[in-house]
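Data first, discussion second: the structure below is written as structure tokens.
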Amino acid sequence: MPQKFPPTETFLPDNLTLRTLQRASKACQGCPLYLGATQTVFGEGPTDARVMLVGEQPGDREDVEGHPFVGPAGKLLDEALAAAGLARKTVYITNAVKHFYFEPRGKFRLHKRPPATAVKACRPWLAAEVDVLKPRVVVLLGATAAQAILGASFRVTRDRGKVITGSIAPAVIATLHPSAVLRMPGAGEMDAAFRLLVADLKLAAR
Ligand code: SF4
């Protein structure tokens with residue numbers, strides 16, 4: 001018989017602040033992803049951040065260090081933020097899913113796209129972060145975050161770089177995930193993708 005997991009809402013604290021949420025998220029067992037990961041990687045950033053960035057899930061480095069976007073994709077994101085005139089220390093950065101989902105391959109752990117059930121199970125944490133922070137702009141990095149918020153039919157390749165209203169914040173913008181930029185097959189494609197990411201972050205900064 002498949003294992004049952006308690007509703008994620010049961011792990012949320014009574015008093016919602018970013019600090020209480022972060023602390024409570026460490027105990028979450030709302031889906032099976034916590035079983036294989038090292039720790040919960042919750043969002044980080046100032047409590048008065050006007051811009052919130054939402055990625056897919058923590059990667060290998062993030063899982064080990066316990067902080068979002070500290071691996072190679074995080075470094076590229078830092079460069080893109082700087083190029084867009086947004087200091088990383090002024091934005092709040094989180095993920096749609098708070099545990100690392102991977103496939104063991106020898107000594108390595110290969111990133112796997114989190115299942116839709118995990119994205120759904122993890123949604124109360126993201127909703128609570130938005131509720132508490134009340135950002136002016138939410139930037140969705142990549143398809144998982146975009147589809148978690150804007151629906152399964154949303155296509156980042158088609159609809160990135162547009163300001164979307166009437167969602168979880170006054171303005172929502174979807175763009176490329178920094179990992180997708182890193183995966184581009186050649187230097188030219190990578191440069192072009194990086195420029196798109198920077199343009200979308202500039203739009204968020206405005
Ligand atoms: S991925 Fe999200 S819902 Fe699943 S155990 Fe981790 S924090 Fe809880």
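What the table below lists for this structure:
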quantity: Failed condition for Lys98, given (1) within 19 Å of Gly45 (Cβ to Cβ); (2) more than 10 Å from the ligand (Cβ to nearest atom); (3) of a type outside the set (Ser, Thr, Tyr); (4) assigned to a loop (DSSP other than H, G, I, E, B); calculated: (2)
quantity: Residues located in the stretch 60-95, provided they are touching a Gly at 6+ places or on another chain (Cβ under 7 Å), modelled with pLDDT of 95 or more and not in a helix (DSSP H, G or I); calculated: Pro68, Phe69, Val91, Tyr92, Ile93, Thr94, Asn95
quantity: Residues (away from the ligand (no atom under 11 Å from the Cβ) and either open to solvent by 60 Å² or more (accessible area, probe 1.4 Å) or among the aliphatic types (A, V, I, L, M) (or both)) located in the stretch 2-19; calculated: Pro2, Gln3, Lys4, Asp14, Asn15, Leu16, Leu18, Arg19
quantity: Qualifying residue in the stretch 173-191 (condition: assigned to a strand (DSSP E or B), under 15 Å from the mean Cα position of the chain (by Cα), modelled with pLDDT under 95 and under 23 Å from Gly74 (Cα atoms)); calculated: no
quantity: Of all residues making up the stretch 20-32, the number that are near the ligand (Cβ under 6 Å from one of its atoms) and part of a loop (DSSP other than H, G, I, E, B); calculated: 4
quantity: Residues located in the stretch 107-165, provided they are crowded, with 17+ Cβ neighbours inside 10 Å, part of a loop (DSSP other than H, G, I, E, B) and within 16 Å of the ligand (Cβ to nearest atom); calculated: Pro114
quantity: Selected residue (only one of Leu53, Leu16 is part of a strand (DSSP E or B) and out of contact with any His (no Cβ under 6 Å at 6 or more places or on another chain)); calculated: Leu53
quantity: One residue from Gly55, Gly85 being crowded, with 17+ Cβ neighbours inside 10 Å, closer than 18 Å to Ala199 by Cα and small (Gly, Ala, Ser); calculated: Gly55
quantity: Where Leu35 falls short, out of the listed (1) open to solvent by 60 Å² or more (accessible area, probe 1.4 Å); (2) in a loop (DSSP other than H, G, I, E, B); (3) within 16 Å of the ligand (Cβ to nearest atom); (4) farther than 23 Å from Val181 by Cα; calculated: (2)
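The values are calculated or read from the model by the stated rules, or taken from the named source; none is laboratory data. Owing to the predicted nature of the structure, the values given are computational and were not obtained by experimental measurement. Cβ coordinates were reconstructed from backbone atoms using ideal geometry, including for glycine residues, and neighbour counts include every protein chain displayed. Just the protein is used for accessible areas: all its heavy atoms, side chains included, with ligands, DNA and RNA removed. Shrake-Rupley method; radii C 1.70, N 1.55, O 1.52, S 1.80 Å.
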